[in-house]
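In what follows, a single structure is set out as structure tokens and then discussed.
The values are calculated or read from the model by the stated rules, or taken from the named source; none is laboratory data. A quick note: this is a predicted structure, and the numbers were derived from the prediction, not measured. Cβ coordinates were reconstructed from backbone atoms using ideal geometry, including for glycine residues, and neighbour counts include every protein chain displayed.
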Amino acid sequence: MKSLFRKQWKAEENYNKRVSRLRRKKIKKVMDQELLAEIYYLKQDWMQLKKIIDHSIEPTEEGLRDLALVQAKYFYLLREARYRKLNALS
């Protein structure tokens with residue numbers, strides 16, 4: 001009786017491990033897609049701000065600060081993507 005219970009318990013434990021592994025993979029995939037989308041959005045925002053600053057005669061301190069902030073966020077997320085070994089084509 002005890003061995004049957006142990007076998008069932010082991011089978012349930014293995015099933016739970018497989019399910020949790022699949023959930024982690026799915027969550028990781030979703031988070032990676034969100035990270036890539038955020039990188040794309042920040043790059044567009046950065047390029048737009050840079051274009052505005054380049055075309056302005058006398059850029060404001062606030063504009064330069066916003067540009068530096070967006071640029072820092074963009075490069076931080078790029079490093080995070082590199083750490084996660086992400087590729088936009090995959």
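Checking Met1 against (1) surrounded by 10 or more Cβ atoms within 10 Å (Cβ to Cβ); (2) modelled with pLDDT under 95, which test does it fail?
(1)
Quick one: Leu86 ticks every box in (1) part of a helix (DSSP H, G or I); (2) in contact with an Asp or Glu (Cβ under 7 Å, 6 or more places away or on another chain); (3) among the aliphatic types (A, V, I, L, M) except a single one, so which number is it?
The single condition Leu86 does not satisfy is (1).
Can you report the number of residues in the stretch 41-62 which are of a type in the set (Phe, Trp, Tyr) and touching a residue at least 24 places away in the same chain (Cβ under 8 Å)? First the steps, then the outcome.
Step one: filter the stretch 41-62 for residues of a type in the set (Phe, Trp, Tyr), giving 41, 46.
Now narrow it down to the ones that are touching a residue at least 24 places away in the same chain (Cβ under 8 Å): 46.
Adding up the residues that qualify gives 1.
Could you figure out which of (1) β-branched (Val, Ile, Thr); (2) in contact with a helix residue (DSSP H, G or I) (Cβ under 6 Å, 6 or more places away or on another chain); (3) loosely packed, with under 13 Cβ neighbours inside 10 Å isn't true of Thr60?
(2)
When the stretch 64-90 is examined, which residues are found to be more than 25 Å from Met31 (Cβ to Cβ), surrounded by 14 or more Cβ atoms within 10 Å (Cβ to Cβ) and of a type outside the set (A, V, I, L, M, F, W, C)? Don't jump to the end; show me each part of the working.
The initial filter retains those residues of the stretch 64-90 that are more than 25 Å from Met31 (Cβ to Cβ), namely 64-68.
Then drop every residue that is not surrounded by 14 or more Cβ atoms within 10 Å (Cβ to Cβ), which leaves 66-67.
Scanning the stretch 64-90 gives a single hit, Asp66.
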